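**Student:** The structure under discussion is supplied below as structure tokens; questions concerning it will follow.
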Amino acid sequence: MIYLHGVHQNRLSDKREFTEAFDRHMLRVICPRTERSWWTDRICEEFDPHVTAERYVREPVVAWMAEQWGVRPPQIGLLGTSMGGQGGLRMAFKYPSTFPVVAAISPAIDYHLRMDEGDETLPLMYADREAARQDTATLHVHPLNWPRHLWFCCDPVDRRWHESADRLRMKLSALGIPFAFDLETSGGGHGFEYYGRMAAKAVEFLAVELEAERRRVV
């Protein structure tokens, strides 16, 4: 499994709710770090002047997992929180055969809104707010090609990001794309208090659906 971090780049190694869930389901997890790249396919200078975060995940990270763990797509799941949640959704929508299993906690889907709030990195990656909006996960949903196993959640009191998560829910429902979600459980708003509350559910989803993928490809 690949964990995509949030904009504050906090680690999971000291987050017991996650580490215990990983151990319980015997999941191996790699946690690449890409600064405030928003996991896009745009160059983010503070991460790398030549390689985008998206390409980094799809190529060297996936290649490392194949070499070191003997694991190859489609048996790789994505888990992300906040910035990483939207990044995981976007990558899964763009490359569903590579990442057919994705779980996103508090995905910051409409990240283009941060360009109105003085964000430092997004204006260096996108010409304007509309260019960023066109690159959001919701705009990458394809009606005929989607990740087979999709789950996301957002605290209803998370005023900044809940609306965009609900908008994604409505679009997926309208297109008849199967998915699972939780937009009702509350506890902590946006941050690791809520992430921890939802960790067991997210990791269990990944474990169950990755097993389904394993059985599917055998």
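**Student:** Where in the stretch 1-85 are there helices (runs of 4 or more DSSP H), lying fully within it, with 2 or more residues that are under 26 Å from M198 (Cβ atoms) and open to solvent by 40 Å² or more (accessible area, probe 1.4 Å)?
**Tutor:** Counting at least 2 such residues, we get 16-24.
**Student:** While we're on this one: Cβ-Cβ below 8 Å, separation at least six or inter-chain, first residue in the stretch 54-72 and over 20 Å from K94 (Cβ atoms), second open to solvent by less than 100 Å² (accessible area, probe 1.4 Å) and β-branched (V, I, T): which pairs?
**Tutor:** W64/I30
The values are calculated or read from the model by the stated rules, or taken from the named source; none is laboratory data. The structure displayed is predicted, hence computed values, not measured ones. Note that we place each Cβ from the backbone using ideal geometry, even for glycine, and neighbour counts take in every protein chain shown. Ligands, DNA and RNA are excluded from the accessible area calculation, which covers all protein heavy atoms including side chains. Shrake-Rupley method; radii C 1.70, N 1.55, O 1.52, S 1.80 Å.
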